[in-house]
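Student: Here it is: the structure, laid out below.
The values are calculated or read from the model by the stated rules, or taken from the named source; none is laboratory data. All values reported here derive from a predicted model rather than from experimental measurement. No Cβ is skipped: glycine too gets one built from the backbone with ideal geometry, and neighbour counts run over all protein chains shown.
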Amino acid sequence: GCAHGALLLLVSGAETDAADHEGNTALMIAARDGHAICVLALLARSADVSRVDASGATALHHAAREGHIDALQALLVGGVDKDAEDGNGHTALAHATRQGHEICIEALSTYWPDLQ
């Protein structure tokens, strides 16, 4: 699966923040596809949570847009800026709201890192 493959690549020395032609990193793809274990593995290897793709979106924007709560929560705990705006000025909360992902809306609305 994704976690096993990602761990093999990471152990082999793969660059955690390498990006494809659209600026997507492994962290963004894992978040977009809902692979929370991959997100955790990449965060453990210091993947850059603030990195943006060609549209200005972070991994958190991708997770929120697709409604992947486990990946979203892993990113929040991993230190991502929940209020970061993409290239169109939208936050992850705006993406979750637009898509109707209630559980992501709740997580983004109630997460206060200073209280964790």
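Student: Can Thr97 be described as polar (S, T, N, Q), in contact with a Lys or Arg (Cβ under 9 Å, 6 or more places away or on another chain) and surrounded by 17 or more Cβ atoms within 10 Å (Cβ to Cβ)?
Tutor: For Thr97, the condition - polar (S, T, N, Q), in contact with a Lys or Arg (Cβ under 9 Å, 6 or more places away or on another chain) and surrounded by 17 or more Cβ atoms within 10 Å (Cβ to Cβ) - is not met.
Student: Same structure, new question: From the residues in the stretch 52-68 that are within 17 Å of Ser109 (Cα to Cα) and of a type in the set (A, V, I, L, M), which one is farthest from the chain's Cα centre (by Cα)?
Tutor: Ala64
Student: Does any residue of the stretch 26-38 turn out to be in contact with a Ser or Thr (Cβ under 7 Å, 6 or more places away or on another chain), at pLDDT 95 or above and surrounded by fewer than 24 Cβ atoms within 10 Å (Cβ to Cβ)?
Tutor: No, there is no match, as no residue in the stretch 26-38 is in contact with a Ser or Thr (Cβ under 7 Å, 6 or more places away or on another chain), at pLDDT 95 or above and surrounded by fewer than 24 Cβ atoms within 10 Å (Cβ to Cβ).
Student: Just for helices (runs of 4 or more DSSP H) wholly inside the stretch 45-116: which have at least 3 residues that are in contact (Cβ under 8 Å) with a residue 60 or more places away in the chain?
Tutor: Output list is empty.
Student: Among the residues of the stretch 16-41, how many are under 17 Å from Ala64 (Cβ atoms) and either assigned to a loop (DSSP other than H, G, I, E, B) or aromatic (Phe, Trp, Tyr) (or both)?
Tutor: The qualifying residues number 3.
Student: Still on this model: What are the residues in the stretch 40-56 that are of a type in the set (D, E, K, R), surrounded by fewer than 19 Cβ atoms within 10 Å (Cβ to Cβ) and under 16 Å from Asp20 (Cα atoms), if any?
Tutor: Across the stretch 40-56, the qualifying residues are Asp48, Arg51.
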